[in-house]
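Report on the following structure.
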Amino acid sequence: MTDPQRTPRGRKVLPVAALAAAALLTLTTACSGPPKSGGADGEAYRLSADTPAGQAGLDSFTWAVYAEPPTLDYISAFDYPQNTVLSNVCESLMRWTPQLTLAPGLAEKAGNPDPTTWVYDLRPNVHFHDGGVLTADDVVYSLGRQMNPENAAAWAQQFQNVSSITKTGPLQVTVKLTRPDSQFNQYMATAAGVVASQAGVEAAGQDYGTSGSLACTGPYRLGTWTKGQSVELQRFDDYWGAKAKSGKVVFRFLTDPSARVNAMLSGEADGGYLIPTESYERLRTSGVGTLWFGEGLSTVNVNVTTMSGVLGDLRVRKALSLALDRSGFVRTGLGGAGRVTGSLTSQAAWAAAPEQVRRDAFAGLTPTEPDLEQAKALIKEAGATGKSITVATSPIGQDVSVLATAVQAAGAKIGLDVRLRTIAPNAFTALFTDPKAREGIDLFPETYYDSITDPLDLLANFKTGAYQNFASFSDPAYDELVRKAVTATDPAERFAVTAKLQRTAAEQLLWIPVAEWPTAVFLNKRITGAPTTISYLYYPWAADVGAAR
């Protein structure tokens with residue numbers, strides 16, 4: 001994820017954005033997105049760069065989300081529900097655009113005078129929702145919360161190479177690194193780079209993120225939060241940028257997929273992301289609105305959470321992968337809008353890589369066609385016949401439940417006893433953040449979204465001690481490749497090293513890759529303007545939503 005989600009970065013910000021834009025244009029016309037056809041009637045599913053711009057303002061609109069965020073504290077914003085809301089309230093130093101490029105955010109300029117220094121010059125006269133004005137002190141404090149080990153921040157890994165963050169002017173912050181880090185500035189466009197008011201956060205204390213003000217700077221401020229039902233955002237009239245088109249946004253928590261879709265069909269909700277895949281065709285043909293698809297930088301995988309038991313044997317992991325019906329999952333679990341893959345990373349994440357490197361990165365990866373005879377032989381060879389493993393499932397949506405069932409079916413065909421454990425949608429997000437939630441679980445379906453347009457975002461997860469290295473995989477050679485990729489200042493060199501990481505992850509089946517999946521968004525006829533891409537997790541998308549006519 002992770003939720004889930006760019007381009008190689010040189011020493012300057014602007015050339016990178018231009019490179020990313022060119023790369024994205026290439027990928028959207030060539031190698032990205034869902035298959036050219038799918039669905040019950042064979043009608044094409046195609047990627048759209050955006051939805052039409054809103055034509056006028058709105059008093060309010062309502063958005064359906066599949067779960068209530070446990071908190072809106074930015075240091076814990078590591079999944080879809082939190083970021084879908086938070087991206088409209090809190091802003092980062094840099095900004096991820098709907099085109100998945102890097103742009104200035106609260107920092108109007110980002111300088112990289114040497115490989116281990118980033119200098120951020122802040123916008124003047126930016127107001128917080130609590131009435132304060134943005135200063136360098138707020139940036140130092142906000143980023144410092146991510147680095148404080150007592151906070152157990154979800155984004156702490158992105159600060160592993162930071163030696164200091166200091167105020168070097170009233171509106172200037174300098175970040176010193178212990179070594180070059182090709183990813184750091186890119187992550188400053190995610191929740192890792194969020195800036196909140198120091199006074200506001202300290203005043204809220206332990207209640208920060210769960211009630212009251214979030215003390216941020218975005219186009220919306222946190223309004224009423226009715227626990228278990230909805231959270232309301234209100235337009236912030238002192239916003240430094242273009243004012244939001246809607247005066248209010250109401251996010252309704254609808255954990256049941258059918259209820260969520262019915263709300264969109266009835267007009268009770270005007271739209272939503274993460275559409276239940278089983279409802280694609282129903283929404284597309286409803287006449288109530290439009291179902292859009294955009295670049296998701298997302299892959300659906302089976303996350304291996306432990307290697308201390310049966311799955312510690314590579315032969316068992318390979319056998320499960322060989323028995324898995326990926327094509328059936330894409331048809332049923334993704335409503336035909338996706339494609340089978342043997343890669344943990346999406347093709348779009350490699351868009352800016354040299355062509356030969358990109359070919360090398362995808363050559364000879366995990367086989368995607370089932371081979372039951374070989375799978376059975378591997379299970380027998382490993383002495384795993386009859387052994388049991390537990391897979392988490394959840395009624396979040398058909399993509400999760402169908403994949404869990406597909407893993408169970410694959411296991412049954414080759415002699416494994418695969419048991420399902422159902423987890424409530426609100427609790428499913430805890431699998432990513434709470435080790436206790438993963439106790440007794442060997443595998444769980446995960447749709448991983450890149451937070452930056454760079455395959456290293458996912459592949460760095462298998463470094464020793466990494467946040468999502470749930471199975472505690474540890475290989476000094478892999479760690480060294482991650483170090484080389486992160487510190488490489490030449491993009492071509494970085495991608496070449498990252499391709500080696502991709503092959504290693506595939507050889508070891510650290511997660512089991514299944515499919516690529518585009519972003520889906522439904523908008524009824526009343527509204528338009530929401531981006532189609534995965535950018536909505538870190539871009540203030542709701543501010544762009546306006547009346548369709």
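The values are calculated or read from the model by the stated rules, or taken from the named source; none is laboratory data. It should be emphasised that the depicted structure is a prediction, and the values quoted were computed from it without experimental measurement. Cβ coordinates were reconstructed from backbone atoms using ideal geometry, including for glycine residues, and neighbour counts include every protein chain displayed. Side chains included, ligands, DNA and RNA excluded: accessible areas come from the protein's heavy atoms. Shrake-Rupley method; radii C 1.70, N 1.55, O 1.52, S 1.80 Å.
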Original post:
Tell me, what is the per residue accessible area of region 313-362 in Å², probe radius 1.4 Å?
Top reply: 31 Å²
**OP:** First check a/c for region 312-402, with a ≥ b ≥ c the square roots of the eigenvalues of its C-alpha gyration tensor; if it is under 1.5, answer rounded, and if not, answer prolate when a/b is larger than b/c or oblate otherwise.
**Re:** oblate
Original post:
Taking a probe of 1.4 Å, how large is the accessible area per residue of region 416-549, in Å²?
Top reply: 31 Å²
Original post:
Dipole of region 445-549, Cα-centred, from +1 at each Lys and Arg C-beta and -1 at each Asp and Glu C-beta, to the nearest 20 debye?
Top reply: 440 debye
**OP:** Calculate the dipole size of the chain relative to its Cα centre from +1 charges on Lys and Arg beta carbons and -1 charges on Asp and Glu beta carbons; express the result in debye to the nearest 20.
**Re:** 600 debye
Subject >> Proximal lysines to K413, defined as alpha-carbon separation beneath 17 angstrom and excluding residues fewer than eight positions away on the same chain >> reply: K318, K376, K380, K387
**OP:** Could you look at region 238-328 and say what percent of its accessible area is carbon and sulfur, using a 1.4 Å probe and all protein chains?
**Re:** 48 percent
Original post:
Using the heavy atoms of the protein chains alone and a 1.4 angstrom probe, what is the accessible area of region 79-126 per residue in square angstrom?
Top reply: 26 Å²
Original post:
What residue among A384, G411, G397 has its Cα farthest toward the positive end of the dipole of region 374-421, where the charges are +1 on Lys, Arg and -1 on Asp, Glu, each on the Cβ?
Top reply: A384
**OP:** With a 10 Å radius around each residue's Cβ, average the other Cβ atoms per peptide and rank 493-500, 440-447, highest first.
**Re:** 440-447, 493-500
Original post:
By per-residue mean of other Cβ atoms within 10 Å, what is the highest-first order of 393-406, 334-347?
Top reply: 334-347, 393-406
Original post:
Measuring from centroid to centroid over Cα atoms, what is the spacing of region 216-278 and region 154-189 in Å?
Top reply: 32 Å
Subject >> Helix-only mean residue ellipticity at 222 nm for the chain, each DSSP H run of n ≥ 4 adding -39500 (n - 2.57), per residue, nearest 500 >> reply: -8000 deg cm²/dmol
Original post:
How much of the accessible area of region 406-549, probe 1.4 Å, is carbon plus sulfur, in whole percent?
Top reply: 49 percent
Subject >> Charge dipole of region 206-257 about the Cα centre (unit charges at C-beta), most positive-ward option of A242, A215, S230 >> reply: A242
**OP:** Measure out, as a whole number of angstrom, how far apart the alpha-carbon centroids of region 368-441 and region 479-504 sit.
**Re:** 31 Å
**OP:** At 1.4 Å probe size, with no ligands or nucleic acids counted, give the accessible surface of W240 in Å², nearest ten.
**Re:** 80 Å²
Original post:
In what order, largest first, do E202, E480 sit by accessible area if the probe radius is 1.4 Å?
Top reply: E202, E480
